[in-house]
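Trainee: One structure follows; several queries about it will come next.
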Amino acid sequence: MSFAVSDDVYDRLIGRYSSKIAPLFADFAGIEWGMRVLDVGTGPGALTKELARRVGAGDVAAADPSEPFVKVCAARNHGADVRLATAEELPWEDDSFDAALSQLAVNFMADADLGVREMGRVVRPGGVVAACTLDRDEGVEMLRVFSESARALDLVPPGDGPANRYRTPAELRELWQRAGLTEVTTAALVVEAGYEDFDDFWEGFLSGIGPDSAFCVSLDRTMQAALREECRRRLESPVGGFVLKARVWAVAGHVA
């Protein structure tokens with residue numbers, strides 16, 4: 001599984017959801033004009049763009065361990081402080097921000113406990129640390145269709161691996177509390193994303209990005225073709241465009 005891909009490849013699978021999630025997530029975290037904000041695990045910069053719209057690019061910083069994503073995010077958000085860095089080693093001083101947010105990235109951190117503590121370290125006392133993750137099989141129609149199709153073919157889709165941690169309110173709340181954050185709250189955010197046709201849906205799973213797509217491209221051609229047709233059948237063989245829903249769980253807490 002790799003995130004060293006171009007932004008258009010990312011957008012085929014996840015990006016179309018990220019741009020819809022970003023404003024809802026920023027609302028949940030209470031981001032408003034006058035704040036200095038950090039985006040951790042920015043990817044191509046969907047959340048960074050929303051934060052810059054709210055507070056101005058000069059008051060936004062972003063970090064990601066993927067060099068291609070850092071370049072794209074910086075190009076899309078002129079004036080923002082975008083750096084190549086992991087969540088576990090953020091290159092900013094203590095108390096540098098009013099808020100630190102992480103969209104669809106906490107479950108991919110090598111050490112989520114350390115990553116969240118680092119987010120708290122760079123946020124001033126009383127500031128906000130927030131994250132959101134996809135509600136995998138249950139709340140994301142795209143992933144549910146894929147997983148159910150794989151199981152119907154006696155395949156074992158990505159299940160309880162490290163990237164599938166912190167996908168529930170309880171897991172996120174516990175992670176935030178372990179980091180010493182206070183007044184922890186959670187909420188469900190629901191968005192919709194459109195697809196031009198079935199091929200537009202399927203191409204995302206051929207990108208190799210994320211656990212499900214990596215699983216798909218690992219299959220031989222015969223099984224991959226069977227999985228494709230099973231996904232099409234479960235989507236009722238769409239001829240034209242269609243829309244799928246996705247739910248994310250968000251968590252926020254304050255630095256003591």
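Trainee: I'm trying to understand the selection: among the residues of the range 143-157, which are in contact with a helix residue (DSSP H, G or I) (Cβ under 9 Å, 6 or more places away or on another chain) and either part of a helix (DSSP H, G or I) or not β-branched (V, I, T) (or both)?
Mentor: Result: L143, R144, V145, F146, S147, E148, S149, A150, A152, L153, L155, P157.
Trainee: Of all residues in the range 203-219, which are within 18 Å of R151 (Cβ to Cβ) and more than 18 Å from the chain's Cα centre (by Cα)?
Mentor: Scanning the range 203-219 gives F215, C216, S218, L219.
Trainee: Being of a type outside the set (V, I, T) and exposed (fewer than 15 other Cβ atoms within 10 Å of the Cβ) is the filter here; which residues of the range 239-252 pass it?
Mentor: The answer is G240, G241, K245.
Trainee: Please work out which residue is surrounded by the most Cβ atoms within 10 Å (Cβ to Cβ), limiting yourself to the range 80-132 and to residues that are out of contact with any strand residue (DSSP E or B) (no Cβ under 6 Å at 6 or more places or on another chain) and of a type in the set (V, I, T).
Mentor: V116
Trainee: Suppose we keep only residues that are in contact with a strand residue (DSSP E or B) (Cβ under 7 Å, 6 or more places away or on another chain) and more than 20 Å from A188 (Cα to Cα) within the range 6-38. Which one would you say is surrounded by the most Cβ atoms within 10 Å (Cβ to Cβ)?
Mentor: Taking the candidates together, the pick is V37.
Trainee: Give me the residue from the range 139-189 that is in contact with a Gly (Cβ under 8 Å, 6 or more places away or on another chain) and β-branched (V, I, T) and, out of that set, nearest to L244 (Cα to Cα).
Mentor: T185
Trainee: What helices (runs of 4 or more DSSP H), lying completely within the range 158-235, carry at least 2 residues that are in contact (Cβ under 8 Å) with a residue 60 or more places away in the chain, of a type in the set (A, V, I, L, M, F, W, C) and at negative phi?
Mentor: The helices (runs of 4 or more DSSP H) meeting that bar are 169-178, 210-218, 221-234.
Trainee: A follow-up question, please. Kindly indicate whether W176 is within 29 Å of L101 (Cα to Cα), out of contact with any Pro (no Cβ under 6 Å at 6 or more places or on another chain), surrounded by 14 or more Cβ atoms within 10 Å (Cβ to Cβ) and among the aromatic types (F, W, Y).
Mentor: So W176 passes the test.
Trainee: Going by the conditions given, is P238 within 14 Å of S147 (Cα to Cα) and either over 18 Å from the mean Cα position of the chain (by Cα) or touching a residue at least 60 places away in the same chain (Cβ under 8 Å) (or both)?
Mentor: No, not satisfied.
Trainee: Can you give me the number of residues within the range 131-142 that are in a helix (DSSP H, G or I) and either under 11 Å from the mean Cα position of the chain (by Cα) or farther than 20 Å from M109 by Cβ (or both)?
Mentor: 5
Trainee: Could you tell me whether the range 217-229 includes any residue that is under 16 Å from L134 (Cα atoms) and at pLDDT 95 or above?
Mentor: The answer is no, given that none of the residues of the range 217-229 is under 16 Å from L134 (Cα atoms) and at pLDDT 95 or above.
Trainee: Test of understanding: among G56, G79, G30, G43, which residue is over 14 Å from the mean Cα position of the chain (by Cα) and touching a residue at least 60 places away in the same chain (Cβ under 8 Å)?
Mentor: Matching residue, one of G56, G79, G30, G43: G30.
Trainee: May I pose another question? With the structure loaded, tell me whether D95 is at pLDDT 95 or above, over 15 Å from the mean Cα position of the chain (by Cα), at positive phi and not small (G, A, S) or whether it fails that test.
Mentor: yes
Trainee: Within the range 241-252, track down each residue that is outside any loop (DSSP other than H, G, I, E, B) and either without any contact (Cβ under 8 Å) to a residue 40 or more places away in the chain or of a type in the set (G, A, S) (or both).
Mentor: Within the range 241-252, A246, A250, A252 qualify.
Here is a yes/no grid of residues against (1) out of contact with any Gly (no Cβ under 8 Å at 6 or more places or on another chain); (2) farther than 28 Å from A29 by Cβ:
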residue	(1), (2)
W202	yes, yes
I209	yes, no
S218	yes, yes
G241	no, yes
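The values are calculated or read from the model by the stated rules, or taken from the named source; none is laboratory data. No experiment lies behind these values; they were computed from the predicted model shown. Heads up, the Cβs are rebuilt from the backbone with ideal geometry, glycines too, and the neighbour counts pull from every protein chain shown.
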